[in-house]
2 protein chains.
Amino acid sequence: METAMKPQHISLDLSKWVLLPSTSTKRKLRDLNGFFADTQATKSILKSGQDPIIYEVYECLQPQEVGHLNLGTTIVHPGKIGEEFYMTKGHFHAKEASSEVYLGLEGEGLILLQSRTGNSECLAMSQGDVIYVPPGWGHRTVNVGAERLAFFFTYQADAGHDYESVQKRGFSKLVVERHGRVQVVGNPRFMTKT
Amino acid sequence: METAMKPQHISLDLSKWVLLPSTSTKRKLRDLNGFFADTQATKSILKSGQDPIIYEVYECLQPQEVGHLNLGTTIVHPGKIGEEFYMTKGHFHAKEASSEVYLGLEGEGLILLQSRTGNSECLAMSQGDVIYVPPGWGHRTVNVGAERLAFFFTYQADAGHDYESVQKRGFSKLVVERHGRVQVVGNPRFMTKT
């Protein structure tokens, strides 16, 4: 089977950061219901009839098998829900022995990283910043700038996504704007049980 | 062990395309002795005391274990040996179930791809071109422009490199300049035995 799949050429649009061909996913606020700390703010925005796009993913998906790599781009729009900046849902990989590589393309981001045992890290990502997410670290990307945040990623195609742990327990840190400044603060509702 | 390794931040210099921190390798013509078709041209350049740098690799190497990804940048300088453009040695991965992702950063390149059974493909790579090299395909990058060619790459850290098959058998295609044009031609010395 090994060479049954031909090499692929994919085009990255250098102004829109869209990959062609790719599978696209738009995550709106409704899809992130329960992910932002300020659930009241989420509810009232949705109640008012708004449902802003928080982020977009353009992904070139390979067979979910050992040996393949998925690749894609993510665009996180600028904005806040309450005091918390727009961000991705965040996930652990279902398969522990898998990792991820990010390359910052545009904008100003922070990556929240978290181990299953509650250790956390926070790394900045702008254009030209490369982040290596080793096995075992959950990851969430936050747009802390006024413009869109865009980055390129690759990870093992058989890694799988565990969004549930994040939805249940949250991340231990939140990235918020307070007194006009970006701050990484403890999440009072984070559950440390593994 | 899984979270023993902390997430890493690496800086990509957007003018030099060097990664910091990284392990750097400079491949000079002497290191590519036997890889270019025109062995006489290689010999006479080396005999004259010259030994030009053909390409440079800046790599962030992880433990050679399942689950990790290596990442890096490659810069192929412009030039020719005889009629053949400067290129990387090219390799298969020692572990068949592994792949590679390229993202073109600058310059004008061609990627020669080849299966173990002799099938071949050739894809163009400039800034914003993403190439997916699926399992089983050997790959070599050729600079067909007048300026340097630079690209970003990731692959499974346990993939390993098989340069020997390429050194012994060559690639089935050569990328040459003839009559002032870039041409992909058959390699008369390619051995099709697997």
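The values are calculated or read from the model by the stated rules, or taken from the named source; none is laboratory data. Owing to the predicted nature of the structure, the values given are computational and were not obtained by experimental measurement. Neighbour counts are summed over all protein chains in view; Cβ atoms, including those assigned to glycine, are modelled from backbone coordinates with ideal geometry. When the accessible area is computed, the model is the full protein with side chains, heavy atoms only, and any ligands, DNA or RNA have been set aside. Shrake-Rupley method; radii C 1.70, N 1.55, O 1.52, S 1.80 Å.
Observations on the structure shown:
- Annotation for region B:153-172 versus region A:115-194: alpha-carbon center distance of 35 Å.
- Inter-chain Cβ neighbour average for residues A:133-139, partner chain, 10 Å: 6
- P(r) tail for the protein assembly as shown: Cα pairs beyond 41 Å make up 19% of the total.
- Each Lys and Arg adds +1 at its Cβ and each Asp and Glu adds -1 at its Cβ; summed about the Cα centre, region A:77-132 shows a dipole of about 240 debye.
- Peptide A:5-15 shows a mean partner chain C-beta count of 6 within 10 Å per residue C-beta.
- One decimal place: the segment A:T117-A:A94 gains 6.7 nm when fully extended, by the rule 0.36 nm per residue minus the C-alpha distance.
- Label geometry 7 Å along the beta-carbon vector: B:V18 inter-copy distances in nm: 3.8
- Accessible-area composition of chain A, carbon plus sulfur, in percent [1.4 Å probe]: 49
- By the Stokes-Einstein formula, at 0.890 mPa s and 25 °C, region A:39-102 with its Kirkwood radius over alpha-carbon pairs has D equal to 169 µm²/s.
- Region B:1-129: Lys pairs at Cα distance under 25 angstrom, eight or more positions apart or on different chains: 18
- On a per residue basis, the convex hull of the C-alpha atoms belonging to chain A measures out at 123 Å³.
- Helical mean residue ellipticity (222 nm; -39500 (n - 2.57) per DSSP H run of 4+; nearest 500) of the protein assembly as shown: -2000 deg cm²/dmol
- Enclosed volume per residue, in Å³, of the convex hull spanned by Cα atoms of region B:142-194: 109
- Per-copy distances of the A:S48 label point, shortest first, in nm (7 angstrom along Cα→Cβ): 7.2
- Chain B: most fluctuating residue of B:G128, B:G180, B:G104 per GNM, C-alpha cutoff 10 Å: B:G180
- Shielding by partners for peptide A:95-108, expressed as the average number of C-beta atoms from other protein chains within 10 Å of each residue's C-beta, is 4.
- Fraction of antiparallel bridges per DSSP, region A:63-194 only, in percent to nearest 5: 100
- Area buried, chain A against chain B - accessible surface, total, 1.4 angstrom probe, square angstrom: 3900
- Of all chain B C-beta atoms, the nearest to the rotation axis linking B with A is recorded, alongside its rounded Å distance, as B:T154, 2.
- Given R0 = 51 Å, the distance between the Cβ atoms of A:R181 and B:K28 translates into a calculated FRET efficiency of 0.50.
- Across the identical copies, how the A:Q64 labels are spaced - nm, sorted shortest first, 7 Å along Cα→Cβ: 3.2
- According to the calculation over all Cα-Cα pairs in region B:14-124, the P(r) per 10 Å bin from zero is 11, 38, 37, 13, 1 %.
- log10 of Debye I(q)/I(0), alpha-carbon scatterers only, for region A:92-142 at 0.18, 0.25, 0.26 Å⁻¹: -0.54, -0.93, -0.98
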